[in-house]
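Engineer: Please see the structure below; I have some questions.
The values are calculated or read from the model by the stated rules, or taken from the named source; none is laboratory data. The structure displayed is predicted, hence computed values, not measured ones. Every residue, glycine as well, gets a Cβ built from its backbone with ideal geometry; the counts of neighbours run over all protein chains shown.
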Amino acid sequence: MTTSRIDPARLQPLLAEARGRVDVDAVAECTSTSSVLLERATVGAPAGSVLVADRQTAGRGRRGRHWQSSPEASLTFSLLWRFPGGVERLAGLSLAAGVAVARALNGCGAAGIALKWPNDILLVRPHDVPPAGKLGGILVELQAERDAMLAVIGIGLNLQRPPPNDAMSTDGALPSAGLDEALPGLPERHRLLAGLLIELVAALDRFAAGGFAALREEWLDWHAWQDRPVRLLQDGVTLLEGCCRGAGADGALLIETATGIERCLSGDLSLRAA
């Protein structure tokens, strides 16, 4: 596995049906690939713009968490996309992106890939305690434009398990995991990135045509906590406990409690203790 900067020219012949749909730029270091893409969008960066960085010094995760990166241990990039209409049409976008990431990693031969609402990529290890680790995450940032919405989809993946004291190593509930734990050998970085972009373009096309409902059944197949006891936490406080029934057509989390199905639009989801 090379740890040098991604070469966009070398990436082009690997993009298959995504070729011509994405324009990849690679930098050795930046604050945050998503922040830079949002800045570029203000001066007309087109849909399909991709920025991949060997190192992020101020990468952002969900709920203000930091996500640092290094070329030998991670792959971090952001993709800019535009959708017609208003923000209500983008409900469930992070879940749709999760389906694309899961498909791409599975296509590389990775075993045990799963998703956790709303934006975590997991590695499920049935014989370990706890039974899953966080492999990566997705952060979607939106901006309104004239008659359209701009979305920057930031993705960070651990190629190797980061050290315990690394800020990107855990989401506060799950230990970290590395893609090298799911494969006999890590895929070459250009091939991995190309596979991710191919699946993202395909998933975003489906999402634009039919919303999250078009990918919901596949998301349920990847969902780690489907039909399992869970608790929903917000700021460390348990809001709900019940059985997770997945996500609705709009991406809302569905938890079945003693009083019926509760729809949840935000929060941190974790398994209820046995």
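Engineer: All but one of (1) under 16 Å from the mean Cα position of the chain (by Cα); (2) surrounded by fewer than 19 Cβ atoms within 10 Å (Cβ to Cβ) hold for ALA144, so report the exception by its number.
Structural biologist: Condition (1) is where ALA144 drops out.
Engineer: Which residue pairs have Cβ atoms under 6 Å apart, sit 6 or more places apart or on different chains, and have a first residue in segment 197-226 that is within 27 Å of VAL52 (Cβ to Cβ) and in contact (Cβ under 8 Å) with a residue 60 or more places away in the chain and a second that is part of a helix (DSSP H, G or I) and of a type in the set (Val, Ile, Thr)?
Structural biologist: Hits for this filter: ALA203/VAL99; LEU215/VAL99; GLU218/VAL99; TRP219/VAL99.
Engineer: Just give me the residues in segment 28-52 being part of a strand (DSSP E or B) and at pLDDT 95 or above, in sequence order. Walk me through it before giving the result.
Structural biologist: Kept after step one, since they are part of a strand (DSSP E or B), are these residues of segment 28-52: 28-30, 49-52.
Residues satisfying the conditions are SER49, VAL50, LEU51, VAL52.
Engineer: Applying the selection to segment 207-243, what residues are touching a helix residue (DSSP H, G or I) at 6+ places or on another chain (Cβ under 6 Å) and part of a helix (DSSP H, G or I)?
Structural biologist: The answer is PHE207, PHE212, ALA214, GLU218, TRP219, TRP222.
Engineer: Could you please let me know if GLY178 is among the small types (Gly, Ala, Ser), over 19 Å from the mean Cα position of the chain (by Cα) and surrounded by 18 or more Cβ atoms within 10 Å (Cβ to Cβ)?
Structural biologist: Details: among the small types (Gly, Ala, Ser): yes; over 19 Å from the mean Cα position of the chain (by Cα): no; surrounded by 18 or more Cβ atoms within 10 Å (Cβ to Cβ): yes.
Criteria not met by GLY178.
Engineer: If you check ALA203 against the conditions, is it under 15 Å from the mean Cα position of the chain (by Cα), modelled with pLDDT of 95 or more and either part of a strand (DSSP E or B) or more than 29 Å from ASP25 (Cβ to Cβ) (or both)? Spell out how you get there, then give the answer.
Structural biologist: Numbers: under 15 Å from the mean Cα position of the chain (by Cα): yes; modelled with pLDDT of 95 or more: yes; either part of a strand (DSSP E or B) or more than 29 Å from ASP25 (Cβ to Cβ) (or both): no.
No; evaluated as a whole, the condition is false for this residue.
Engineer: Answer with yes or no whether GLY251 is buried (at least 18 other Cβ atoms within 10 Å of the Cβ) and of a type in the set (Gly, Ala, Ser).
Structural biologist: So GLY251 passes the test.
Engineer: Conditions first: (1) of a type in the set (A, V, I, L, M); (2) over 22 Å from ALA132 (Cβ atoms); (3) modelled with pLDDT of 95 or more. VAL237 passes all but one, so which condition is the exception?
Structural biologist: Evaluating VAL237 over (1) of a type in the set (A, V, I, L, M); (2) over 22 Å from ALA132 (Cβ atoms); (3) modelled with pLDDT of 95 or more leaves (3) as the failure.
Engineer: Oh, and also: Are there any pairs, at least 6 apart or on different chains, whose C-beta atoms fall under 7 Å, with the first in segment 239-258 and outside the structural domain of VAL87 (by TED's automatic domain parsing) and the second among the polar types (S, T, N, Q) and part of a loop (DSSP other than H, G, I, E, B), and if so, which?
Structural biologist: Sorted first by the residue in segment 239-258, then by its partner, the pairs are CYS244/GLN226; GLY246/GLN226.
Engineer: Out of the residues in segment 103-126 meeting the condition of being farther than 23 Å from LEU232 by Cα and either surrounded by fewer than 16 Cβ atoms within 10 Å (Cβ to Cβ) or among the small types (Gly, Ala, Ser) (or both), tell me which one is nearest to the chain's Cα centre (by Cα).
Structural biologist: Taking segment 103-126 first, the residues farther than 23 Å from LEU232 by Cα are 103-112.
Still in the running and either surrounded by fewer than 16 Cβ atoms within 10 Å (Cβ to Cβ) or among the small types (Gly, Ala, Ser) (or both): 104, 107, 109-112.
Details: ALA104: 12, GLY107: 16, GLY109: 18, ALA110: 16, ALA111: 17, GLY112: 16 Å.
Only one residue tops the list, namely ALA104.
Engineer: Would you pick out the residues in segment 11-27 that are among the charged types (D, E, K, R) and outside any strand (DSSP E or B)?
Structural biologist: Just the residues of segment 11-27 that are among the charged types (D, E, K, R), to begin with: 17, 19, 21, 23, 25.
Passing the criteria: GLU17, ARG21.
Engineer: If I ask for residues that are buried (at least 18 other Cβ atoms within 10 Å of the Cβ) and more than 29 Å from LEU11 (Cβ to Cβ), which ones from segment 196-225 would you list?
Structural biologist: Listed by number, the residues that qualify are GLY211, ARG216, HIS223, ALA224, TRP225.
Engineer: Sticking with this structure for a sec: All but one of (1) at pLDDT below 95; (2) surrounded by 15 or more Cβ atoms within 10 Å (Cβ to Cβ) hold for VAL129; which doesn't?
Structural biologist: For VAL129, the exception is condition (2).
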